[in-house]
Amino acid sequence: MVRGRDWEARFADGMHRRINSATVWAADDPDGTVAELEAWYERRGIDPIFKLTDASAPGLDELLAGRGYLPDARVAVMTADLPAGRRSAPAADVTLSDAPSEEWAGSFGDMAGYGPRQRRLLDATLGRIDRRAVYASLRREGSIVSVGMSVAEDRHAGVFEMITHPDHRGRGHAGSILDALLGWMSGPGGATVAYLQVLEGNQPAERLYRGAGFTPRYRYWYRVRSAGLSTTPH
Ligand SMILES: CC(C)(COP(=O)(O)OP(=O)(O)OC[C@H]1O[C@@H](n2cnc3c(N)ncnc32)[C@H](O)[C@@H]1OP(=O)(O)O)[C@@H](O)C(=O)NCCC(=O)NCCS
């Protein structure tokens, strides 16, 4: 990642767009800033992706549209306050670990339909996490069928990589995983606010998160020139 005065450019060679995209909060010379960021990504062999919010540099969305960028993947950021000391222990069938086991990452990759390259990127991305983190899994008949994880930084903790095997959905497994993660966040995680990101229109996920007390705070979206990079949408 590199940071300018009013922009940030993230690069992880793939995986989620949020870690392979640029944010520009203000620009005296928007065309020049965009051109500089395009060159930065092109030097790394990928098409630039810009992440925008209502707080992005004024006119940036239109400027990118004029340069041939298409809007993509609208994402809601949701948050929930974490009341201290009010959560119980995780459900008996949920396991929490402070490191991603090979089985955890393999199960997530299989459920997400990852190929070998995405799996390598997942391992590399998880390996770079240098904050307090926890990895939750739930088993049925010996196999992991639902996972999620959280990373805490100061008073904020994020929920990531929530997924349940398609054959096991609608049985409350993700709810149990999320509950265990929320318990970790407000306990060992030391956080007071939980946040997560969900693609607009992902109704099962939105319902899960609303049911756990999350409410939408703001939205972001991407502008992309092509889908060349191996990224997941948010
Ligand atoms: C989102 C997801 C993790 C939910 O997993 P799950 O184990 O089926 O969830 P649960 O059974 O714990 O259900 C939790 C809530 O979601 C609701 N839900 C589950 N499936 C649903 C569906 N197909 N449509 C609408 N709501 C649904 C449940 O009704 C429940 O809400 P309720 O308690 O008010 O009834 C699962 O659908 C999934 O893996 N989706 C693909 C990956 C994904 O989108 N992850 C989220 C990324 S932000």
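Quote to one decimal, in nm, the extra length available between Ala92 and His168 on full extension: 0.36 nm per residue of separation minus the C-alpha distance between them. Intermediate results must be reported in sequence, preceding the final value.
Working: separation 76, 0.36 × 76 = 27.36 nm, distance 1.74 nm.
Taking Ala92 through His168 to full extension adds about 25.6 nm, to one decimal.
If you take the beta carbon distance between Leu199 and Asp28 as r and set R0 to 41 Å, what does 1/(1 + (r/R0)^6) give as a FRET efficiency, to the nearest 0.05? Provide the component values of the computation, followed by the final result.
On the way: r = 33 Å, r/R0 = 0.81.
Efficiency at R0 = 41 Å is approximately 0.80.
So, with +1 on the Cβ of K and R and -1 on the Cβ of D and E, and no other charges, what is the size of the charge dipole of the range 74-135 about its Cα centre, to the nearest 20 debye?
320 debye
Would you mind estimating how fast the range 85-191 diffuses translationally, via Stokes-Einstein at 25 °C and 0.890 mPa s with the Kirkwood radius over Cα pairs, in µm²/s?
Answer, rounded: 176 µm²/s.
Per-residue ellipticity at 222 nm for the chain, helices alone: DSSP H runs ≥ 4 residues times -39500 (n - 2.57), over residue total, nearest 500 deg cm²/dmol? Spell out each step's value before the answer.
Values: 6 runs with 67 residues, N = 234.
That comes out to -8500 deg cm²/dmol.
Residues of the chain: accessible area per residue at 1.4 Å, in Å²?
50 Å²
What is the gain in length, in nm to one decimal, between Asp72 and Asp154 on full extension, counting 0.36 nm per residue of separation less the C-alpha to C-alpha distance?
26.4 nm
Place +1 on the Cβ of every Lys and Arg and -1 on the Cβ of every Asp and Glu in the chain, take the dipole about the Cα centre, and give the residue among Ala174, Val77, Gly189 whose Cα lies farthest towards its positive end.
So the residue furthest toward the plus end is Ala174.
Could you tell me how many degrees, from 0 to 90 and to the nearest 10, lie between the Cα long axis of helix 30-43 and the main elongation axis, the longest principal axis, of the Cα atoms of the chain?
Helix 30-43 sits roughly 60 degrees off the main axis of the chain.
How large is log10 I(q)/I(0) at q = 0.10, 0.17 Å⁻¹ when the Debye formula is applied to the Cα atoms of the chain, each weighted equally and without solvent?
-0.50, -1.29
Assign unit charges at the C-beta atoms only (+1 for Lys and Arg, -1 for Asp and Glu), then state the dipole size of the chain relative to its Cα centre in Debye, rounded to the nearest 20.
About 440 debye.
What's the carbon and sulfur percent of the chain's accessible surface, probe 1.4 angstrom, rounded to a whole number?
Details: 5630 of 11670 Å².
That share works out to 48 percent.
Helix 102-112: angle to the longest alpha-carbon principal axis of the chain, degrees 0 to 90, nearest 10?
60 degrees
Which of the trypsin sites (Lys or Arg not before Pro) across the range 1-84 are loop residues per DSSP, with 15 or fewer other Cβ within 10 Å?
Arg5, Arg44, Arg67
Pop out the Kirkwood hydrodynamic radius of the range 1-81 from its pairwise C-alpha distances, inverse of mean 1/r, in Å to one decimal.
For the range 1-81, the Kirkwood estimate is 13.2 Å.
Expressed as a fraction of 2.2 N^0.38 Å, the rule-of-thumb size for a compact globular protein of N residues, what is the C-alpha radius of gyration of the range 125-187?
Scaled against compact globular proteins, the figure is 1.16.
The values are calculated or read from the model by the stated rules, or taken from the named source; none is laboratory data. Since the structure is predicted, the reported quantities are computational estimates derived from the model, not experimental observations. Positions of Cβ are backbone-derived with ideal geometry, glycine not excepted, and every protein chain shown enters the neighbour counts. Protein only, heavy atoms only, side chains kept; ligands, DNA and RNA dropped before computing areas. Shrake-Rupley method; radii C 1.70, N 1.55, O 1.52, S 1.80 Å.
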